[in-house]
Amino acid sequence: MDLKNKLMLVTGASSGIGATTAKLAAQKGARIILVARSKDKLEQVADEIRSGGGQAYTFAVDLTDPQAVFAMEKAISADIGTPDVLFNNAGSSRWLYTDETSPDEAAQMIAAPYLAAFYVTRAFRPAMLKRNSGLIINMTSIAAFMSWPGATAYTAARFSIRGFNEGLRADLYRTKVHSMLTAFAAVKSEYWKNNPGSQARIPGAQKMIPTLTPEQAAQAIINGIHWNLPVVFAPWMMWVVLTLNYLFPPITRWLVFNTGHKRNLANT
Ligand SMILES: NC(=O)c1ccc[n+]([C@@H]2O[C@H](COP(=O)([O-])OP(=O)(O)OC[C@H]3O[C@@H](n4cnc5c(N)ncnc54)[C@H](OP(=O)(O)O)[C@@H]3O)[C@@H](O)[C@H]2O)c1
């Protein structure tokens, strides 16, 4: 898809991968709807886009609230239009063992990313299908394909996005609305500050996969949109690791579990 004059809605657009992808898509000529909870940060991103000659609209919405998403859709459809691209990117999750995760936090980890992506897609899907064009991008992580110690609910949340994308792919078969799964290993964003303690649990084996900058992650997403790819993995080393994991799962498990976070079970 050529992004020129297209309308792209980006969730989680107040920082990191979402903000950087929004700015890059604006440079390609897309009009951008920026969504996240932090109004001030959204306005900063919008100002950057506008000062570069682009068009941006901001919606400060907690996407885990279905009524708020419903109201956002009504306002966008009435005043701006039907998005050509939905980028379901908003999410947060600390990497914790099951017993370290409160029931509230476990529910929050499913609420964003998964339910947020579900609500946003459910809101805009009818108009996209009526027009019979568009792209729904679902952001997940390498954790949707392989797991490591000390990040149980995070892993489940990331698998849920992959499952959602697979279900959508089946639903959208024979239509011109497509879905795309994007999955990265580590990206050097605010994520690690926003989810304290997680970085220390990155398994040593993951050093095989170079860390992306938000700009590299955004470029991979823009390339995926340009080439109509069904899946985007970056960097390329992720393809190697995921192929190894697909063919020989005991080997990757051995590597990741042995270099992953170790816990003194006597203290649990
Ligand atoms: N960084 C990595 O290594 C990495 C790797 C693979 C995948 N990912 C995934 O990529 C996505 C973006 O991550 P990032 O690295 O850019 O992290 P980030 O800088 O922490 O960005 C997360 C974004 O999600 C928004 N958000 C969180 N909860 C929300 C809610 N309830 N409603 C609306 N917006 C919400 C945040 O904005 P507000 O706080 O303003 O609402 C923020 O804009 C996340 O889903 C993350 O899990 C990250």
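The figures follow:
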| quantity | calculated |
| --- | --- |
| Range in the chain, longest, excluding exposed trypsin sites (Lys or Arg not before Pro) [loop by DSSP; at most 12 other beta-carbon atoms within 10 Å] | 5-173 |
| Zone residues, region 76-119, relative to LYS176, backbone N less than 15 Å from point 7 Å out along Cα-to-Cβ | 84-85 |
| Anchor LYS39: aspartates and glutamates whose Cα lies under 20 Å away (excluding residues fewer than 8 positions away in-chain) | ASP47, GLU48, ASP62, ASP65, GLU73, ASP79, GLU190 |
| Candidate lysines - alpha carbon under 23 Å from LYS207, same-chain residues fewer than 8 apart omitted | LYS188, LYS193, LYS262 |
| For the chain: relative contact order, % (alpha-carbon pairs under 8 angstrom, 6 or more apart) | 19 |
| Chymotrypsin sites (Phe, Trp or Tyr not before Pro), loop per DSSP, at most 14 other Cβ atoms within 10 Å - longest free stretch of the chain | 1-172 |
| Those residues of region 70-106 whose amide nitrogen sits under 17 Å from the label point placed on ASP2, 7 Å along Cα→Cβ | 84-85 |
| Helical contribution to [θ] at 222 nm, DSSP H n ≥ 4, -39,500 (n - 2.57), averaged over the chain, rounded to 500 | -14000 deg cm²/dmol |
| Size of electric dipole in the chain: Cβ of Lys, Arg +1 and of Asp, Glu -1, about Cα centre, debye, nearest 20 | 560 |
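Each value in this text was obtained by applying a stated rule to the coordinates, not by laboratory testing. Fair warning: this is a prediction, and the values are worked out from it, not measured in the lab. All Cβ positions, glycine included, derive from the backbone under ideal geometry; neighbour counts span all protein chains shown.
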